[in-house]
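Note sheet for the following structure.
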Amino acid sequence: MAGPRKTREDYFNWFYKAFGYKGGNSYIGFIDNARKMALSHVPKDQFAMYSKMSGDSLLNEKGTRLAENVEGPKGPGRAWEVDSALKVVDENTGVRDFKRGRELFLAMKCGSCHTIKGEGGSVGPDLTQLGTRFSKRDMLEAIIEPSKVISDQYESKVFNMKDGTSVLGRLMSEDEKNYVISQKSLCTTCHKNSCEE
């Protein structure tokens, strides 16, 4: 029969494993909140050991996402135009490095708003089946000029309230008396335009 220390170690090791499971947008924060509640009950002299054991090093500073030690893009850093980028894509049809593509997707913070295969944010469109719905030109244009076309479904607006404050978000629904606004809005790093309501 396992003793209390072994049981506690198994328990906190589970959190480390749980950070590797797939979940929704709130999953990592939910697991971390449960982990922190559990840590509040361990003896103070053992806190650091159990915190490390349970995966504190896996999390970003806010504890809402996994920390990504991903190398950013390399290269000359040129201002791409759609036609020149399309030419490069068409000429290089060899083996694709999907691992590096995922790393760049994370390093450039695309996953903060977009989802691919169940991972990422939900503010922007899911990009999982993008290649089956859009041409290479359309995809390059969306990458190079992300604010050129924004679907009404994802467009952020500034709502000016009667009390003088304002709220940035997406209009989810409305009736004669109320607006329902989602405050998860498009990343202004990529998308420059928003409009007043």
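The values are calculated or read from the model by the stated rules, or taken from the named source; none is laboratory data. Treat the numbers as computed from the prediction; the structure is a model and nothing was measured. A quick note on method: Cβ atoms are made from the backbone with ideal geometry, for glycine too, and the neighbour counts reach across all protein chains shown. Just so you know, the surface numbers come from the protein's heavy atoms only, side chains and all, with ligands and any DNA or RNA stripped out. Shrake-Rupley method; radii C 1.70, N 1.55, O 1.52, S 1.80 Å.
The figures follow:
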| read-out | value |
| --- | --- |
| Options T128, T132, T93: the member that is surrounded by fewer than 14 Cβ atoms within 10 Å (Cβ to Cβ) and modelled with pLDDT of 85 or more | T132 |
| Qualifying positions in the range 29-54 - open to solvent by less than 60 Å² (accessible area, probe 1.4 Å), within 25 Å of I116 (Cα to Cα) and either out of contact with any Ser or Thr (no Cβ under 6 Å at 6 or more places or on another chain) or not in a helix (DSSP H, G or I) (or both) | I31, D32 |
| Number of positions in the range 150-176 that are within 25 Å of H114 (Cα to Cα), open to solvent by 80 Å² or more (accessible area, probe 1.4 Å) and more than 21 Å from the chain's Cα centre (by Cα) | 0 |
| Matching residues in the range 96-118 - criterion: being at pLDDT 75 or above and not in a loop (DSSP other than H, G, I, E, B) | F98, K99, R100, G101, R102, E103, L104, F105, C110, G111, T115, I116 |
| Candidate set from the range 96-125 (those that are charged (D, E, K, R) and free of Cβ contacts under 8 Å to residues at least 24 places away in the same chain); member that is surrounded by the most Cβ atoms within 10 Å (Cβ to Cβ) | R102 |
| Residue within the range 4-12 that is charged (D, E, K, R), under 17 Å from the mean Cα position of the chain (by Cα) and modelled with pLDDT under 90 present | no |
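This table checks each residue for (1) in contact with a His (Cβ under 8 Å, 6 or more places away or on another chain); (2) farther than 25 Å from L86 by Cβ.
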| position | (1), (2) |
| --- | --- |
| I116 | no, no |
| G120 | yes, yes |
| G124 | yes, no |
| T132 | no, no |
| R137 | no, no |
| A142 | no, no |
| P146 | yes, no |
| V149 | no, no |
| E155 | no, yes |
